[in-house]
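This report refers to the structure that appears directly beneath it.
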Amino acid sequence: MEIPLFQADEPQRVERCVLYPYPDLKRVWTRLWLTAVERDEAPNLEVIIYNPDGTENCSVYMMAHAEPKAETTLHMRNPQPGATYHVVVEMTQGLNEDPTAIDQHEFDMVLEFRNPEAGEPGFGFGVDWDEIQHKASPT
């Protein structure tokens, strides 16, 4: 019997994304989970954080990322505590100047410390924050 490691009918996408601002609010811990699909070419991943005025604050670009998880720390320029920033997560294919868009997600992030160890919800998508809080609270 053969056990498949990949979902044959699943499109390549970013399943989940979690951002947690550090206590100093100058850094943001970021993790992405990708679908487990067979692929000929590893996708590019980009996370961009936009200031409240719409200008880019910081970003990270991971070219041809081959792992099912990506983790990084983004460094905020001139952080504004309590301000709402806009986050864009993009997955593209191709190592040329005009890669093909595969998946994109957008959400807002308030720049305030959230403690993941205490079960506090972070920012992102694809996560059941209520479940995380429930697991962290004593019963």
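Please treat every number below as a calculation from the coordinates, not as lab data. All values reported here derive from a predicted model rather than from experimental measurement. Here the Cβ positions follow ideal geometry from the backbone for every residue, glycine too, while neighbour counts run over all protein chains shown.
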Spin-label proximity, Thr100 to the stretch 13-35 - amide N less than 15 Å from point 7 Å beyond Cα toward beta carbon | 13
Between Lys26 and Lys69, with labels modelled 7 Å along Cα→Cβ, what's the label distance in nm to one decimal, could you check?
-> 2.7 nm
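Where does the stretch 60-120 land on Rg/Rh, using Cα atoms and the Kirkwood Rh? Don't skip to the answer; put the middle values down first.
Values: Rg = 14.8 Å, Rh = 14.4 Å.
Looking at the stretch 60-120, the ratio lands at 1.03.
Please report, in cubic angstrom per residue, the volume enclosed by the convex hull of the alpha-carbon atoms of the stretch 14-127. List each step's numbers first, then the result.
Details: hull volume 11.4 nm³, N = 114.
Spelled out: Cα convex hull of the stretch 14-127, divided by residues, is 100 Å³.
Can you give the extra length, in nm with one decimal, that the chain gains between Val127 and Tyr61 once fully stretched, where that is 0.36 nm per residue apart less the Cα-Cα distance? Write out the running numbers ahead of the final one.
Details: separation 66, 0.36 × 66 = 23.76 nm, distance 2.26 nm.
Here the answer is 21.5 nm.
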Connecting every pair of Cα atoms under 10 Å apart in the chain and solving the GNM, the largest mean-square fluctuation among Thr92, Thr55, Thr73 falls on Thr55
Pick out, from Trp33, Leu111, Gly126, the residue whose Cα sits farthest towards the positive end of the charge dipole of the chain, with +1 on the Cβ of Lys and Arg and -1 on the Cβ of Asp and Glu.
-> Leu111
